[in-house]
1. Rounded to a whole number, what % of the accessible area of the chain do carbon and sulfur atoms account for, probe 1.4 Å?
2. Go through the range 86-98 residue by residue and turn each phi into a ³J(HN,Hα) via Karplus (6.51, -1.76, 1.60, θ = phi - 60°); whole Hz please, and just put x for glycine and proline.
3. Students often forget the sequence filter, so: which lysines lie under 17 Å Cα-Cα from LYS42 once same-chain residues fewer than 8 apart are removed?
4. Using a Förster distance of 51 Å, how high is the FRET efficiency between SER187 and ARG386, based on the Cβ-Cβ distance and rounded to 0.05?
5. Taking the solvent-accessible surface of protein heavy atoms with a 1.4 Å probe, what is the per residue accessible area of the range 192-294 in Å²?
6. Report the per residue volume, in Å³, of the convex hull enclosing the C-alpha atoms of the chain.
7. Not counting the cut sites, what is the longest span of the chain without GluC sites (Glu not before Pro) that DSSP labels loop and that have at most 11 other Cβ atoms within 10 Å?
8. Any chance you could give the angle, 0 to 90 degrees and rounded to 10, that helix 38-48 forms with the longest Cα principal axis of the chain?
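The values are calculated or read from the model by the stated rules, or taken from the named source; none is laboratory data. All figures in this text were calculated on a predicted structure; none of them were measured in a lab. Virtual Cβ from ideal backbone geometry, glycine too; neighbours counted across all protein chains shown. Ligands, DNA and RNA are stripped out before the accessible areas are found, and what is left, the full protein with its side chains, is counted by its heavy atoms. Shrake-Rupley method; radii C 1.70, N 1.55, O 1.52, S 1.80 Å.
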Amino acid sequence: MAHVPQIRVPATYIRGGTSKGVFFRLQDLPQACQVPGEARDKLLLRVIGSPDPYGQQIDGMGGATSSTSKTVIVARSEQPDHDVDYLFGQVAINKAFVDWSGNCGNLTAAVGAFAIAGGLVDPARIPQNGICTVRIWQKNISKTIIAHVPITNGEVQETGDFELDGVTFPAAEVVIEFMDPADGEGSMFPTGNVVDELEVPGIGTFKATMINSGIPTIFLNAADIGYTGTELQKDINSDAEALARFETMRAYGALKMGLIADISEAVARQHTPKIAFVAPATDYVASSGKQVAASEIDVCVRALSMGKLHHAMMGTASVAIATAAAVPGTLVNLAAGGSLREAVTFGHPSGTLRVGAAAAEVNGEWIATKAVMSRSARVLMEGWVRVPGDAF
C-alpha cells in the first residue's frame, strides 16, 4: 500500500505571554491553505495533533492545554496604516475544529517580533536600537493592536529582566496596546446592563456582568457559585461536575449575549465567550508556592478557557477584567472596591498582573478606548513543521 510522504511547512514555535503557539507567515502555507476553509483547518489540526481522543496531542505540536493548542497566521496588512494582519486559531484538543471566533492576547505579544523577524515590517520602521512600534490588525475581531517591540542592533531583543507570573524565566518587556478593545459590533455590554440576572436551567440564577472587551467574557461572583476566588487548577479541573456546570453557565451566557442563536451552538464555539469568577482581594498561595498578599492586589479573578481553569490569565480576558473594573457597578468593579480606576492589579492562579484600561460613558453607553498591558515573548524553535501530504 502506497503512502504519501510528509511535507515541510516553514513555521516558528513561540511563547507569547503565558501561552505557546505555532506561527506561520501566510505566504509560507500550502496554496490551498492560504485562504480560510477546510484545507487550512485540517492542516492546523494535524500540525497541533488534534483531534486526540487521548487528550495529549502526542502526535503534534500541541501541549494538551488550551494555552498550548494555538496557531497564528501573519501577513502583510491589507489595512491602511497597519503593518501586519494577525489571525488566531484556537485548536480544539479532542475535537476536529479550529475556533476562529476570538483573539489570543498572550500570543499578541509575539506577533510584532515574529513580523519583524519574518520581513513583514518595512525596514524603515525598524530602529537600530530602541522600540519598534508594530501596528497590528487583528483579523478575528477587526481591531487595532499596537505592539512596542524592543530592538537591539537591528534585531528583536528577546532576553531581559521583565518577570511575568506564570512564566518561569525573565525576558524582554513588550508593551501591548489594545485600541478600542470592545469586541465585535454593538455595545460593550450587549444586554445594555452592567449587571444581569443569568438564569441557567437546572443550576440557578446568578448575577453576571457580560462584557465584550478584549474577548467576550461572563463574570460571576465567586461566592455565588461556591468558590473563594483563590482556587488553583487542581481545585477545579479535577471536578468533572464543576466543569460541566461552568460549561452550561457559559452556554446560557453566550445565548444571552447574542453570540449564539441556540444553546446547541455553544459546543462549536468553545473559545468565546470566556467565563470567569471574581472575589475581593484576599491572601492566597499561587501555584508556584508564591504567597500573594491581599494588599498587593485589587481583586481575585479566575477564568476558564476551552473548558478548563486557566493556569494564569488569558491576555484578552485580562483586557476584559481591566475594562470591567473601570466601569462603576460591574461585578469586577464592585469586587475591586467599587472605586473609579484606570488600572487594576488582579490575582490569578500563577500570581498577579496589572492592566490599565480607560472607559467612558458616551450618550448613556459605555465604551472602552484603550487597554494596556506588558507581556514578553521568546522564540523557542524555528524551521519547519512536518505533516503527512494528505493531511489537508
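1. Values: 8120 of 16130 Å².
That fraction is 50 percent.
2. Values per residue, Gly and Pro as x: 10, 10, 10, x, 8, 8, 5, 8, 10, 10, 8, 8, 10 Hz.
3. LYS70, LYS95
4. On the way: r = 46 Å, r/R0 = 0.90.
Efficiency, rounded to the nearest 0.05: 0.65.
5. Working: 4250 Å² over 103 residues.
Result: 41 Å² per residue.
6. Working: hull volume 55.8 nm³, N = 392.
Once divided by residue count, the hull of the chain is 142 Å³.
7. Working: sites that count: GLU78, GLU185.
The answer is 186-392.
8. The answer is roughly 80 degrees.
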